[in-house]
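Input: a single structure, listed below in C-alpha cells.
None of the figures in this text is laboratory data; all of them are computed from the coordinates on show. This structure is a prediction, so every number in the text was calculated from the model and none was measured. Cβ placement follows ideal geometry from the backbone for every residue including glycine, while neighbour counts extend to all protein chains displayed.
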Amino acid sequence: MNVWRRLTGPRRALALAGAGALVAGGLVTIPGTAAQAATQCDIAYTSNDWQGGFTANITIKNVGDPLNGWTLGWTFPNSSQRVQQGWSATYTQSGSQVTARSMSYNGTLATGASTNIGFNGAWSGSNPKPTSFTLNGVACNGGTTPPTTSPPTDPPTDPPTDPPTDPPTTPPPGTKVDNPYVGVRGYVNPEWKAKADAEAGGSRVSNNPTAVWLDRIAAINGTPNSSSNGAFGVKEHLDEALRQGAGYIQFVIYNLPGRDCSALASNGELGPDELPKYKAQYIDPIAAIQSQSKYSSLRIINIIEIDSLPNLVTNTSGQPGGTVMCDTVKANGAYVNGVGYALAKLGAIGNVYNYIDSGHHGWLGWDSNFNPSAEILKTAAVASGSTVNNVHGFITNTANYSALQEPYFKVTDNVNGQTVRQSKWVDWNYYVDELSFAQAFRTKLVSLGFNSNIGMLIDTSRNGWGGSARPTGPGAMTSVDTYVNGGRIDRRAHLGNWCNQAGAGLGERPRANPATGIDAYVWVKPPGESDGSSSEIPNNEGKGFDRMCDPTYGGNARNGNNPSGALGNAPISGAWFSAQFQELMRNAYPAL
C-alpha cells in the first residue's frame with residue numbers, strides 16, 4: 001500500500017440519534033428540605049436498567065446563587081450498586097457513598113442554569129434509585145418535576161465490568177464533539193498488545209492505542225486462523241473498549257472493490273465490479289454493529305479507505321505506472337461511490353467520526369496532484385447520498401513513513417542561487433514534510449466546501465527516523481543536493497518507497513491537538529505489522545507480492561528507479577514482523 005504515485009515536477013454538535021435510550025427509565029425528583037445555605041439545587045435522576053447493569057443520567061439545576069465549581073453527593077440504597085464508567089464529572093465511591101466533581105468546562109453554573117452528567121453502573125439483587133442528593137455539602141431542595149422520558153426500545157447490554165482509572169471528561173453520550181480524541185483515552189487492541197508485549201522491550205509501547213483494520217468481510221466477525229487481524233471481530237473490539245473504559249476506538253474501513261488499484265501487496269478480495277457486495281456484505285454489517293445503542297458512549301472513529309481516491313488522479317492511463325485496474329475503477333465509479341456510501345451509512349450514526357484518507361506529501365505535494373486529489377475527495381464526499389457533514393476530517397501518511405517535520409531545511413531555502421525544490425529528493429514538490437502538507441491540504445479542502453473546522457490526523461506510527469543515522473544539523477551548502485541529503489530526517493532512498501522501510505523508527509506517540517488544524521497524531525498502522533512480503537508467499541488471504549517489498553529490487557518509474565529500501569524476510573501484509581518491530585523501537589524518535 002501507499003505506493004508512490006507520481007510525481008512530476010465550528011463542527012456541528014449533533015444530537016445522537018436514539019440518545020433517549022441512555023436516559024430513559026424511572027425518574028426521581030428530589031423533594032424539598034429546609035434550605036441550609038445559598039446553594040440550592042434541583043436534581044433529576046433517570047436510569048435505564050438491564051440485568052446486572054444500568055446507565056444513569058443526572059441533570060443538575062442550580063436554583064440558588066451562582067456556582068463556580070460543584071460537588072454532587074448521594075448514597076446508593078443498595079450496597080451492591082457501583083459507578084463504573086462516568087462522563088462529565090470526576091467520580092469517586094466509598095461504600096455506598098458517591099461524589100461527582102465538576103470538570104473545567106461545566107463547573108460554572110449561573111442561577112437557573114443546568115448541566116448533565118452520567119455514568120454506567122452495575123448492581124445485583126435490585127437497582128433502586130437514590131432519593132437524596134447534596135450539592136457542595138448542602139441538601140438539594142428542588143421542587144420541579146421534569147417530564148418523564150419514554151422507555152427505550154433497545155436497552156443496552158453487556159456493560160463494561162472494569163471502571164477506568166481516569167473517568168472520561170466528555171460531554172454526555174449523544175453530543176458529537178469537535179475533536180473525538182480530546183479528553184478521553186484510546187482503545188488498546190489486546191491482540192496487537194499481546195504481540196508487542198511478547199517482544200523484548202515491547203511493553204514500553206504496547207499500551208498505545210492503534211487502529212483495528214477491517215481489510216475483508218471476514219474481519220467483521222473475526223479471523224482467528226489468519227496471519228493478520230485476529231479472533232476479535234467488530235463487536236468484540238467494541239465490547240473490549242467498553243470494558244477498558246476507553247473513550248475512543250479506531251477502525252480502518254479498507255475493502256473497496258478493486259482495492260489498491262496500483263499495488264499488489266495489499267490488493268483486496270473484491271473485484272472492481274463488486275460494489276453491491278461491498279455495500280451489502282461489508283459496510284452495512286459494520287454500520288449495524290457500530291450503531292448499537294450499547295456503544296453510544298464510545299467515540300467510534302473510522303479511517304475511510306486508505307490509498308484509494310488519489311489513485312484516480314495519479315495512477316490511471318497517461319501517468320507513470322498507470323494501471324488498467326485504476327482505469328476501471330475510475331470509469332465505473334467503484335471508488336467514488338463506495339466511499340460515498342460508506343460515509344453516508346456510517347456518518348448517520350451519532351457517535352461515529354469519519355476521516356477520509358488523503359495520501360501524503362510525497363504523493364500529492366505537487367500542484368498537478370494536490371488540487372485534483374482534493375477535488376475528487378469532495379466528489380466522493382457528496383456521492384451516493386452523502387454530504388460533507390458526514391466527513392469529520394482527513395488523515396495523511398497512513399501506513400507511510402514521511403517525516404512529520406524536517407527541522408534542517410525548508411522548501412523556501414536556496415543554495416548557491418538554486419531552490420531546494422530543484423534537489424533530487426524534493427523534485428519540485430511544494431512540501432518537504434507531513435505537517436506542512438496536512439495543514440495546507442486542510443485549507444484547500446475547506447475552500448472546496450468542507451466544513452470550516454474539519455480536523456486532520458497524521459499517522460506517526462513509523463515516521464520517527466531516529467537512531468544513529470538521524471542528522472543533527474543541516475547538510476553542506478555545496479549544492480542543493482548535499483544540503484538536502486545531509487540534513488533530511490527521512491532517510492529513504494526515495495519518497496516513493498513505501499514497503500517495510502529499513503532504518504525507520506516509531507514516531508510521535510498518539511496525542512490530541514498537537515498542532516494547528518491537527519486533531520491528533522495517531523498510530524493507525526500498528527507498528528510491527530508488515531506492509532507486504534519480501535518474496536512471493538502463497539496464502540489464502542488475498543495478499544499478493546509487490547516487488548517494492550523486495551530488498552533486491554532496483555525500482556521503477558514511480559520511485560525514480562531507486563532501490564526499494566525494504567527489509568528482507570518480511571511476511572505478507574498485516575502479519576507480524578518481529579525484526580521490523582525491533583528496528584522501529586531502536587530508531588524511535590522521540591527515543592523510548
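According to a simple spin-label model (label point 7 Å from Cα along Cα-to-Cβ), what is the distance in nm between Lys424 and Thr71?
In this crude label model, Thr71 to Lys424 measures out at 6.8 nm.
What FRET efficiency comes out for the pair Thr131/Ala288, r = Cβ-Cβ distance, R0 = 45 Å, nearest 0.05?
0.70
Enter the Cα centre distance for the pair the stretch 216-238 and the stretch 276-318, rounded to the nearest angstrom.
What the calculation gives is 16 Å, centre to centre.
In nm, to one decimal, how far is the modelled label at Ser124 from the one at Ser452, with both set 7 Å along Cα→Cβ?
5.6 nm
Highest first, please rank the peptides 464-474, 301-311 by the mean number of other Cβ atoms sitting within 10 Å of their residues. Display every interim value, and only then the final one.
Values: 464-474: 15.6, 301-311: 26.5.
Packing order, densest peptide first, comes out as 301-311, 464-474.
Determine, at each q value in 0.31 (inverse angstroms), the log₁₀ of I(q)/I(0) that the Debye formula gives when each Cα of the stretch 381-423 is one equal point scatterer.
-1.05
Could you pull out every one of the lysines with an alpha carbon less than 22 Å from that of Lys129, ignoring same-chain neighbours closer than 8 positions?
Those lysines meeting the cut-off are Lys61, Lys294.
Assigning unit charges at the beta carbon (Lys, Arg +1; Asp, Glu -1) and nothing else, what dipole magnitude in debye, to the nearest 20, does the chain show about its Cα centre? Each step should come with its number before you reach the end.
Details: 41 positive and 43 negative charges, 146 e Å.
The calculation lands at about 700 debye.
For the stretch 462-592, with equal point scatterers placed on the C-alpha atoms only and solvent neglected, what are the log10 I(q)/I(0) values from the Debye formula at q = 0.11, 0.16, 0.22 1/Å, to two decimals?
The calculated log intensity ratios at q = 0.11, 0.16, 0.22 Å⁻¹ are -0.45, -0.90, -1.29.
Compute the projected area of the convex hull of the Cα atoms of the stretch 283-366, averaged over all viewing directions, and report it in nm² to one decimal place.
Across all orientations, the stretch 283-366 yields a mean hull projection of 6.4 nm².
Let's test the formula: R0 of 35 Å, r as the Cβ-Cβ distance of Ala469 and Val182. What FRET efficiency results, to the nearest 0.05?
For Ala469 and Val182, the calculated efficiency is 0.50.
Where does the stretch 433-483 land on the Kirkwood hydrodynamic radius, alpha-carbon pairs, in angstrom?
With all distinct Cα pairs of the stretch 433-483 included, I get 14.1 Å.
Please report, to one decimal in angstroms, the Kirkwood hydrodynamic radius of the stretch 525-592 built from all distinct Cα-Cα pairs.
Numbers: mean 1/r = 0.0779 Å⁻¹.
This gives a value of 12.8 Å.
If you stretched the chain out fully between Ser368 and Gln405, how much longer would it get, using 0.36 nm times the residue separation minus the C-alpha to C-alpha distance?
11.0 nm
How far apart, in nm, are the 7 Å Cα→Cβ label points at Ile537 and Ala194?
1.9 nm
I want the local charge near Glu529. Using Cβ-Cβ distances under 14 Å, sum +1 for each Lys or Arg and -1 for each Asp or Glu among the other residues.
Residues near Glu529 contribute -2 overall.
Can you tell me the FRET efficiency between Thr482 and Gln281 if r is taken as the Cβ-Cβ distance and R0 is 56 Å, rounded to the nearest 0.05?
Once rounded, the FRET efficiency stands at 0.55.
Kindly provide the Kirkwood hydrodynamic radius of the chain in Å, to one decimal, from all pairs of distinct alpha carbon atoms.
After inverting the mean inverse Cα-Cα distance, the result is 25.4 Å.
Using 0.36 nm per residue of separation minus the Cα-Cα distance, give me the extension gain between Asn414 and Thr99 in nm, one decimal.
Length gained, Asn414 through Thr99: 107.2 nm.
Per residue, what volume in Å³ does the convex hull of the Cα atoms of the stretch 207-354 enclose?
Here the figure is 112 Å³ per residue.
Largest first, please: the extent of the C-alpha atoms of the stretch 491-540 along each principal axis, to the nearest Å.
On the principal axes, the stretch 491-540 reaches 44, 29, 16 Å in Cα extent.
With just the Cα atoms defining each centre, how far is the stretch 450-487 from the stretch 330-404? Give it in Å.
Going from one Cα centre to the other spans 24 Å.
List the equivalent ellipsoid semi-axes of the stretch 441-518 in whole Å, largest first, each obtained as the square root of 5λ for an eigenvalue λ of the Cα gyration tensor.
Its equivalent ellipsoid spans semi-axes of 29, 17, 13 Å.
What lysines does Lys424 reach when the alpha-carbon gap must be under 27 Å and sequence neighbours fewer than 8 apart in one chain are set aside?
Partners found: Lys410, Lys444.
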